[in-house]
1. What Cys residues in the chain are without a partner cysteine, judged by a Cβ distance under 4.7 Å?
2. For Arg112 and Glu313, what is the calculated FRET efficiency with R₀ set at 51 Å and r taken between the beta-carbons, to the nearest 0.05?
3. Once both labels are modelled 7 Å past Cα along the beta-carbon direction, what's the Arg20-Ser38 spacing in nm?
4. Given a Förster radius of 25 Å and the C-beta distance between Ala272 and Val203 as r, what FRET efficiency does 1/(1 + (r/R0)^6) yield to the nearest 0.05?
5. For the chain, report the accessible area per residue in Å² (1.4 Å probe, heavy atoms, rounded to an integer).
6. Restricting to DSSP loop positions (anything but H, G, I, E, B) with no more than 11 other Cβ atoms inside 10 Å of their own Cβ, which trypsin sites (Lys or Arg not before Pro) remain in the stretch 97-180?
7. Just to confirm the number: angle between the C-alpha axis of helix 101-110 and the first principal axis of the chain, 0 to 90 degrees, nearest 10?
8. With +1 on each Lys and Arg Cβ and -1 on each Asp and Glu Cβ, and nothing else charged, work out how big the dipole of the stretch 198-319 is about its Cα centre, in Debye to the nearest 20.
Amino acid sequence: MTVRIGAEEEFHVLDAESGRLVPRAGALLERLGDTGFSSELQQSAVESNSQVHDTLDGLYADLTGTRRRLAAAASAQGLAVVAAGTVPLARVTPRDVTAVPRFRRMADEYRRVADEQLICSAQIHADVPDRDTAVRAMCLVSPWLPPLLALSVSSPYWLGSDTGYASWRTMLWQRWPTAGPAGCYRDAAEYDAAVAELIGSGVISDVGMLYQDVRPSAHQGTLELRICDACPRAETVVLIAGLFRALVRDACHRLERGADPRCDGHHEWLRAAGWRAARSGLEGPLVDPWTRRAAPAQLVLRRMLHRLRPALEASGDFDTVRDLLDEALAAGSAADRFRRAVRDEDLLAGITMLAAETRGGRAPSRTGTRRPRPVATTRRANGRPHAPLHPVAHPVATPGTPG
C-alpha cells in the first residue's frame, strides 16, 4: 500500500527591521497570488499547502521551494516569515482578525481565546484506505503523538518573556473546546455522531473546529496530525511526516490483521503526556508510551524508531528518518536553540535565527562551533548590530543528507 503524504505549514509575518508580528498577511498573499497559500484567523499568519507526495525527498523539495517563494515575497515588502509555534514580539488585539465572516464569528464567540491565537502549527496528512480505518487508527497512533510534539517544539517565549515551556503554543491551543486527545471510536458512524453532537451543542460551528491532536480529514481520504508546533527547519517537518506515515501504515496493518485497539478509555495519561512534551521538548523526560512512565526523550524516540522500522522500510523511509532523527537529537529542539541564541546575545538574535532557519539557514548543534555573523547587518535599538531578518544565502541540506 502506498501511503502518500502532504503538509500544511503556518507562518508568522514579521516586520523585517523590528522582528515584531504585524497584521500584513493580506498584502503578502496578494503578492503571492492564488498559489497554494491562504489566510488564517489572524492577519499576522499565512498558511501554505503542499502537493501530495510519495517520497520524503519530494515533500522536502516542495516545502523548501514554498519557503523560498514566501521569504522572497515577504522580503520585497520589508517583511520576514517565521515558522514557529509563537514569536516573542507580538501584540494581542481584537482588531487584527482576518475579515472573513467565519473568522469574525469565531472572534465574537471565543473572545480572548481568539484574540490570542497568535500561534502557528505544522499539520501532516497521510493516506488511509477509508474513513472507518482512519477513525479506528486514531486510537492506535495517539499514544505516539506527544513524542512528535517534542520534536517540533519551537515556542518557549510569549509576549516577550520566557514561559518555561518548550511549546507555549500547546498551552494556548488547549484552551479551545475540542483540543487535545481525539478519543477512540468503533467506526466512522460513531465518530461522526459525536461530531454532530458537538456542533448541535453550539460550542463549535462546523467540522473545521475539531482541533484534536489527530483527526480524519473532512475533505480528503487522510488522517491528519495536528499536535505539532510550526517548525523552523523544513527537515523537522519531513522527519515528523516520515514518522507519522509509519505510524499510520503500522496502524492500518494492525487493523487489517484484526488487531483490537484495546483502548481502556483512560485518556488522562495522554493529555498528561502531551503536557510533558510541551513542557520539556527534547531536553527533558517524556512519557514513554510503552510504560506510561517518565523516560529520557532520546530513549523514547529511539524506541519509537525501532518499533516503526518495518513500516519505515516499507515506505523506503528508514535511512532518511534515522539520519534526520540523529541530527534533531544532536542539534536540540528549536525551543532550546532559540533560548541559547537569546542567552548568548538577545531576543532579537533568537528571532533572527528562527527567520534564517525558516528560509533554509542552519544553526550549529549543541557541540558545534558558532558560524561567523553575516556581513550585512542592521542596528538594534541599543546600537549593536544584529543579523538581518531578510533573506541571505544559506546552504540547504536534503533530507537524506542532513547538514
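The values are calculated or read from the model by the stated rules, or taken from the named source; none is laboratory data. This is a predicted model, so every value here is computed, not measured. Every residue, glycine among them, receives a Cβ derived from its backbone with ideal geometry; neighbour counts consider all protein chains shown. When the accessible area is computed, the model is the full protein with side chains, heavy atoms only, and any ligands, DNA or RNA have been set aside. Shrake-Rupley method; radii C 1.70, N 1.55, O 1.52, S 1.80 Å.
1. Isolated Cys, the chain: Cys120, Cys228, Cys231, Cys252.
2. 0.60
3. 3.1
4. Plugging the Cβ-Cβ distance into 1/(1 + (r/R0)^6) gives 0.60.
5. Accessible area per residue, the chain: 41 Å².
6. Numbers: sites: Arg102, Arg104, Arg105, Arg111, Arg112, Arg131, Arg136, Arg169, Arg175; in loops: Arg111, Arg175.
In loop regions of the stretch 97-180 (DSSP not H, G, I, E or B), the sparsely surrounded trypsin sites (Lys or Arg not before Pro) are Arg111.
7. For helix 101-110, the angle is close to 80 degrees.
8. Roughly 340 debye, rounded to the nearest 20.
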